[in-house]
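Derivation of every value follows stated rules applied to the coordinates shown; laboratory data play no part. Remember, predicted model here, so these are calculated numbers, not experimental data. Here the Cβ is made from the backbone with ideal geometry for all residues, glycine too, and neighbour counts use every protein chain on show.
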Amino acid sequence: MFSRALKPVGTLAVQNGAKSFSTSPQRNFKVVVAGAAGGIGQPLALLIKQNPLVTQLALYDLAPVTPGVAVDLSHMNTVAKVTGHKGPEELPAAIKGADLVVIPAGVPRKPGMTRDDLFNTNASIVRDLAQVVAEQSPKAIMAIITNPVNSMVPIASEVLKKAGCYDPNRVLGVTTLDVVRAAAFIGEINGVDPQSVQIPVIGGHSGVTIIPVLSQSKPAVKLTDQGKIEALTKRIQEAGTEVVKAKAGGGSATLSMAYAGARLANAVLRGLNGESNVVECAYIKSDLTEASYFANPLVFGKGGVAKNLGYGALNAYEQQLLKEAIPELKKNIVTGEKFVNK
Ligand code: NAD
Ligand code: LMR
């Protein structure tokens, strides 16, 4: 998964078992996982520990097991030095000096719940984490996995605004799992390697706000029947619920989310590292539509989001999906903003 980042970095020699370690001429990054002991946090930390661009990996959680998760990961022979931080009093040290703070802290859905039902519990968690990011590492990029993403990104943004350090290019909602799922399903339909599928998923991260732009899929989706295209769209929109139901009360997507989160983290780090043309979708502050936050393909660079690529041409069906998504997105955004400014 990290093959493009691996090439120029000295750690490759270590991973291949070579005797000498040549120091990388590139920047070394500190990544924090907040919510690191959870269903997403642990496998996400496992994947980030393998990223050769990361030299410090700080794991933060409330759970008593957190220092143990850090010790466990620290025995992996990859370059990142791992530290464990448990409880709010240890949070500032975890965040200090961070380049990227990935946040899967908070409660997941159970069957019958919507992502919005998580708002009351998760809003204060994200607000408090954003406050410490503002105080300790105001230039860090925040990548928010916690649901409901559509409202959590506005919450973090409002906190950073109040603290006087808001940079819209550094606050991201993680929608990568929608892209990963769309590519997986299209790969299956087309009978091709899903890794070869490129598909933008725009809008937000809940129900009707998830808009897979199937007309822009590369390769083209091998479906001509409009009914089948609509069924595939629905499946992508409801894929999170598919997992919640299948786990039958045991939580929501964790492993596929960790994979998707590590992919987004890698894109951010490659951008910070000066690589050009690193493109991923994420949910950010936006003036493309009436919704003031919106997900679509972005170029990542040294300051976070370097360029917003927009969402290109939509067919009539996709335009209709967009029309349905905007009022929901606007509502979710206002809910988040009001929570901080009440
Ligand atoms: P989980 O319950 O397994 O783990 C959450 C972790 O957060 C726990 O270890 C808990 O101790 C920790 N935590 C709680 N409050 C905290 C705080 N104040 N500071 C630090 N850590 C805290 O849940 P999970 O399955 O890992 O899911 C986490 C979140 O991610 C949920 O809100 C879920 O809905 C969301 N999610 C988002 C996506 C996406 O695509 N963006 C995908 C899957 C899940
Ligand atoms: C997902 O899409 O899997 C996550 O948002 C978790 C959920 O509640 O569906």
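Below, the figures for the structure above:
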| read-out | value |
| --- | --- |
| Cα gyration tensor, the stretch 42-120 - rounded (a/c under 1.5), prolate or oblate | prolate |
| For the stretch 176-337, diffusion coefficient by Stokes-Einstein and Kirkwood Rh (Cα), 25 °C, 0.890 mPa s, µm²/s | 150 |
| Positive dipole terminus of the chain, leading residue within ALA248, VAL65, GLN319 (C-beta point charges) | VAL65 |
| Rounded to the nearest 20 debye, dipole of the stretch 19-173 from Cβ charges on Lys, Arg, Asp, Glu | 380 |
| Dipole moment magnitude, nearest 20 debye, the stretch 176-337 about Cα centre, only Lys, Arg, Asp, Glu C-beta charged | 220 |
| Pairs of lysine residues in the stretch 19-173 - Cα separation under 24 Å, sequence separation of 8 or more or cross-chain | 21 |
| Magnitude of the charge dipole, the chain, Cβ model with Lys/Arg +1 and Asp/Glu -1, debye to 20 | 520 |
| Dipole of the chain [Lys/Arg +1, Asp/Glu -1 at C-beta], most positive-end residue of ASN277, ILE40, ASN332 | ASN277 |
| Mean Cβ neighbour count within 10 Å, used as a protection proxy, ranking 179-191, 93-105, 139-151 highest first | 139-151, 93-105, 179-191 |
| Sites GLU242 and LYS342 - FRET efficiency at Förster radius 30 Å, r taken between beta-carbons, to 0.05 | 0.30 |
| GluC sites (Glu not before Pro) restricted to the stretch 261-292 and DSSP loop, no more than 13 other C-beta within 10 Å | GLU290 |
| Those aspartates and glutamates that a straight Cα-Cα span of less than 19 Å connects to LYS218, excepting residues fewer than 8 apart in one chain | ASP178, GLU188, ASP193, GLU230, GLU280, GLU318 |
| Cβ-based charge dipole, the chain, positive-most Cα from ALA163, VAL208, VAL126 | ALA163 |
| Neighbourhood charge, 14 Å Cβ-Cβ cut-off, centred on PRO111 and excluding it, Lys, Arg +1 and Asp, Glu -1 | +2 |
| Least to most buried among TYR166, TYR293 (fewest other Cβ within 10 Å first) | TYR166, TYR293 |
| Kirkwood Rh (inverse of mean 1/r, distinct Cα pairs), the stretch 19-173, angstrom | 15.8 |
| Ellipticity estimate at 222 nm from DSSP helix runs (n ≥ 4, -39,500 (n - 2.57)) divided over the chain, nearest 500 | -13000 deg cm²/dmol |
| Percent breakdown of C-alpha pair distances by 20 Å bin, ordered from the shortest bin, for the chain | 32, 59, 8 |
